[in-house]
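Notes follow the structure.
Here, each number is a calculation from the coordinates, and none is a lab measurement. Because the structure is predicted, anything quoted here is derived from the model rather than measured. As a convention, Cβ positions derive from the backbone with ideal geometry for all residues, glycine included, and neighbour counts pool all protein chains shown.
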Amino acid sequence: MQEQIKNINTLEELQALYTATFGKNGTMTARLKEMKNLDNDARAALNLENQTLRELFKTRQTEIENAVLMASLSKQKLDMSLNPMPENRGTLHPLTQSLTEIASILESFGYTMYTGPQVEDDWHNFTALNTPAHHPARDMQDTFFLPNGNVLRTQTSAIQIRAMERDGVPIKMFGIGSTYRKEMDATHSPMFHQIEGLYINKNITMSDLVADIRAFLSRFFEMDNVELRIRPSYFPFTDPSIEVDLKWQGGKWLEIMGAGMVHPNVLRNCGIDPNVYQGFAFGFGWDRLAMLKYGLNDIRQFYDNDVRWLSHTGF
Ligand code: PHE
């Protein structure tokens, strides 16, 4: 029997012999039933035989299983030439990407980056910016008011007030951040982003302002000779105020930013003597500039965070 087990090569045959030995009608089962009729020595011998046979079956089963596994492994080939799955690497968000570009240009002109709170008080968002309560210019911005009288910042101009209050003059800075207005369509989102530059010093003029805007736009849009159109405009915190248009592909004029010479009242509100210091401010939609540069047409795509869109923009 022991030799017979060792010579079996398939699990089926082994199983058949096992059943014939230890099954309900198996030979060993029958002999074990008669054990009570045996003397002590014969019983011990039978017990030993029983145990040895069971172990042999188990060993042979493991051997056959291993042999089957090795045979099937040696038949399988691993194809090392197959291309790996494409790696899905994250990329910078288009807004982050454009901020890096904008900030590095402004910093190269000597402007320092500032941020500020998104929930602003009335003073920093409006009053200090020469827009006191009941000023009609407050209507220019559809403001989200909070129950305690604070607002969701409608413009990054608020950061300029904080910068002047804290650091005084001369100052050359730009504020960046999210801003909020109650508007929503393809080109407006209730949350959007602005960047505003400010330069206050002695003897700063309008031509310094236009020179910096021109240099900035030509660097950002990688254009040799940007064509600008300067139009008179109105902002309560600048006087004179201008709006800057940029000549785009196909000769189309695009409104790019608001700017002007900082109003004396704004300087006074920050404890600065407007008879000694003056300067300019300019502000633009950061999202809008990124949309123009990268040919995007819907501002909402920035905030949907659709991974397919993000990975198609090629940033
Ligand atoms: N804060 C203005 C706006 O939100 C833009 C601006 C900034 C205009 C600085 C003039 C000077 O529209």
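Using only the alpha carbons of segment 169-243, determine the length spanned along each of the three principal axes and report them from longest to shortest in whole angstroms.
Ordered largest first, segment 169-243 gives principal extents of 40, 33, 23 Å.
Sorting SER241, SER108, SER74 on the 10 Å Cβ count, fewest up front, what's the list?
SER74, SER108, SER241
Two decimals, Cα atoms only, Kirkwood Rh: what is Rg/Rh over the chain?
1.58
I want to check the label-to-label distance for THR59 and ASP304. Put each point 7 Å from Cα in the C-beta direction and report it in nm to one decimal.
Roughly 7.0 nm, to one decimal.
Where does the chain land at 222 nm, in deg cm²/dmol rounded to the nearest 500, when only DSSP H runs of n ≥ 4 count, each adding -39500 (n - 2.57), divided by all residues?
Taking each H run of at least 4 residues, the total per residue is -12500 deg cm²/dmol.
Take TRP248, TRP286 and order them by how many other Cβ atoms sit within 10 Å, fewest up front.
With the fewest neighbours first, TRP248, TRP286 line up as TRP248, TRP286.
Over the Cα atoms of segment 2-74, compute the convex hull volume and normalise it per residue, giving Å³.
That works out to 71 Å³ per residue.
Which listed residue (GLY285, LEU78, GLY250) has the Cα farthest towards the positive end of the charge dipole for the chain, taking +1 on Lys and Arg C-beta and -1 on Asp and Glu C-beta about the Cα centre?
The residue sitting most towards the positive pole is LEU78.
Convex hull over the alpha-carbon atoms of segment 177-315: what's its volume per residue in Å³?
Hull volume over Cα atoms, normalised by residue count, gives 132 Å³.
With a cut-off of 20 Å, note down the residues of segment 183-218 whose backbone N falls inside the zone around a label point 7 Å from the Cα of LEU228 toward its beta carbon.
Inside the label zone: 194-218.
Which FRET efficiency, nearest 0.05, do GLN97 and MET70 yield, Cβ-Cβ r, R0 41 Å?
0.15
Restricting the count to DSSP beta bridges whose residues both fall in the chain, what percent are antiparallel, rounded to a multiple of 5?
The antiparallel fraction comes to roughly 95 percent.
Roughly how many Å is it from the Cα centre of segment 247-315 to that of segment 50-84, as a whole number?
Cα centroid to Cα centroid, the span is 69 Å.
Provide ILE171, ILE230 in ascending order of the number of other Cβ atoms located within 10 Å of each residue's Cβ, fewest first.
ILE230, ILE171
Report the normalised scattering of segment 131-198 as log10 I(q)/I(0) at q = 0.14, 0.18 Å⁻¹, calculated by the Debye formula with identical scatterers on the alpha carbons.
-0.50, -0.79
Taking the Cβ of ILE242 as the center, what net charge do the other residues with Cβ under 15 Å away carry, scoring Lys and Arg +1 and Asp and Glu -1?
Local charge sum for ILE242: -4.
Take the cross-link list LYS202/LYS252; LYS172/LYS247; LYS202/LYS247; LYS247/LYS293 and give me the ones stretching past 25 Å between alpha-carbons.
The answer is LYS202/LYS252; LYS172/LYS247; LYS202/LYS247.
Roughly how compact is segment 65-143, stated as its Cα Rg over 2.2 N^0.38 Å to two decimals?
Taking N as the residue count of segment 65-143, the ratio is 2.67.
At a Förster radius of 35 Å, what calculated FRET efficiency corresponds to the Cβ-Cβ distance of ALA186 and HIS134, to the nearest 0.05?
FRET efficiency, ALA186 to HIS134: 0.55.
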